[in-house]
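Peer 1: Would you mind keeping the following structure in view while I ask a few things?
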Amino acid sequence: MGIQRVTVIGAGQMGSGIAQVAAQAGYRVQLHDLTEEQVEKGLAVISRNLSRQVEKGRFQQLEKEAILSRLDGATDLRKAAGEADIVVEAVVENMAVKADLFRQLDDVCPAHTILASNTSSLPITEIAAVTKRPEQVIGMHFMNPVPVMKLVEVIRGLATSDEVTQTVEALAKEMGKTPVEVNDFPGFVSNRILMPMINEAVYALYEGVAEKEAIDEVMKLGMNHPMGPLTLADFIGLDTCLSIMEILHEGFGDPKYRPCPLLRKYVKAGWLGRKTGRGFYVYE
Ligand code: NAI
């Protein structure tokens, strides 16, 4: 199936990145969020990122303008998604919000539209079940920051068709990414392995095993990780980390996935990481 029009729902850190790489790959892109302000913020982030690429000599100014001309913003869902060949959803990691959105998308999108979710951990099969097109619902899990990271974890729900999987993998390649196909289990592969490690790092801090800098340094220098786990948690967003741990905990019913109380405390305090200026570390 040929994809020409891509709609991205949610203009936050992931949605704006996905919209950017789709427009860079030559697709017509609609970026949707709940308010004009959020949409404008997402478009401004893309414009700034592209300007940085121009400064580094990776793009010409004309190319930047061409990419931006393929991008539109809309707060009206019907306007944003009414002509989409594929919708990539990147709103908050909350099942009720995503289910409600997919119900609406199923209504406003043409019959052929593929509905993809960038969820980090929510079951694709359950999201698909609220629609009348479960075979066209799939996980398209980009990594953060989207313009830089190569991986797209492609998650097949129970009903996802082969044709839809192939189309999404081809789209990921067109966007310059490498798709890796996995099945639908809590946390998929990426967060089943990454998030318990981050949670364990928070426990190590909570139990006073070491200072935050020391924990990060051990993992950077000792395990060759480009970023320590607490720095990475701040980067991902502590609310997102907590949601993923809760989904693993509930999905497997295993206490080994119990979210660290310190992670909960930070989220309650509104210390969500980089995006709020403070998480385990303080950001200017
Ligand atoms: P974010 O908080 O930066 O952005 C979420 C955006 O969605 C906000 O702009 C919000 O206004 C908008 N939104 C909320 N409800 C909406 C609705 N009903 N309709 C339209 N827009 C709505 O969150 P972020 O980090 O971009 O995460 C988005 C999704 O991507 C989540 O499912 C998350 O699990 C996933 N993800 C996050 C990664 C990360 O490192 N932060 C990595 C990979 C996936």
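Peer 1: Filtering segment 39-66 down to residues that are charged (D, E, K, R) and outside any loop (DSSP other than H, G, I, E, B), which residue is farthest from residue 19 (Cα to Cα)?
Peer 2: It comes out as 55.
Peer 1: Suppose we keep only residues that are charged (D, E, K, R) and over 15 Å from residue 138 (Cα atoms) within segment 89-111. Which one would you say is nearest to the chain's Cα centre (by Cα)? Lay out the reasoning, then the answer.
Peer 2: First, pick out the residues of segment 89-111 that are charged (D, E, K, R): 89, 93, 98, 100, 103, 106-107.
Adding the requirement that they be over 15 Å from residue 138 (Cα atoms) leaves 93, 100, 107.
Numbers: 93: 9, 100: 18, 107: 23 Å.
Top of the filtered list is 93.
Peer 1: Would you mind finding the one in 3, 46 that is farther than 19 Å from residue 169 by Cα and in contact with a strand residue (DSSP E or B) (Cβ under 9 Å, 6 or more places away or on another chain)?
Peer 2: 46
Peer 1: Another question, then. Suppose we keep only residues that are surrounded by fewer than 17 Cβ atoms within 10 Å (Cβ to Cβ) and without any contact (Cβ under 8 Å) to a residue 60 or more places away in the chain within segment 71-87. Which one would you say is farthest from residue 40 (Cα to Cα)? Talk me through it step by step, then tell me what you get.
Peer 2: Taking segment 71-87 first, the residues surrounded by fewer than 17 Cβ atoms within 10 Å (Cβ to Cβ) are 75-76, 78-79, 82-83.
Pick out the ones that are also without any contact (Cβ under 8 Å) to a residue 60 or more places away in the chain and you get 75-76, 78-79, 82.
Working: 75: 10, 76: 14, 78: 18, 79: 16, 82: 20 Å.
In this case the residue turns out to be 82.
Peer 1: Moving on to the next point. So which of 90, 66, 129, 116 ends up being loosely packed, with under 15 Cβ neighbours inside 10 Å and among the hydrophobic types (A, V, I, L, M, F, W, C)?
Peer 2: Unique residue meeting the criteria: 66.
Peer 1: Then there is this: From the list 208, 279, 228, 270, pick out the single residue that is within 16 Å of the ligand (Cβ to nearest atom) and either over 27 Å from residue 96 (Cα atoms) or at pLDDT below 95 (or both).
Peer 2: One residue alone meets the criteria, 228.
Peer 1: Further question: Across segment 170-198, which residue is surrounded by the most Cβ atoms within 10 Å (Cβ to Cβ) among those that are touching a residue at least 12 places away in the same chain (Cβ under 8 Å) and among the charged types (D, E, K, R)?
Peer 2: If we take residues in segment 170-198 being touching a residue at least 12 places away in the same chain (Cβ under 8 Å) and among the charged types (D, E, K, R), then 177 is surrounded by the most Cβ atoms within 10 Å (Cβ to Cβ).
Peer 1: Can you tell me how many residues in segment 185-199 are outside any helix (DSSP H, G or I) and more than 16 Å from the chain's Cα centre (by Cα)?
Peer 2: The number of residues fulfilling the criteria is 1.
Peer 1: Applying the selection to segment 216-226, what residues are within 26 Å of the chain's Cα centre (by Cα) and surrounded by 10 or more Cβ atoms within 10 Å (Cβ to Cβ)?
Peer 2: 216, 219, 220, 223, 225
The values are calculated or read from the model by the stated rules, or taken from the named source; none is laboratory data. The model shown is predicted, which means the values in this text are computed figures rather than measured ones. Cβ sites come from the backbone with ideal geometry, for glycine too, and all protein chains shown count toward neighbours.
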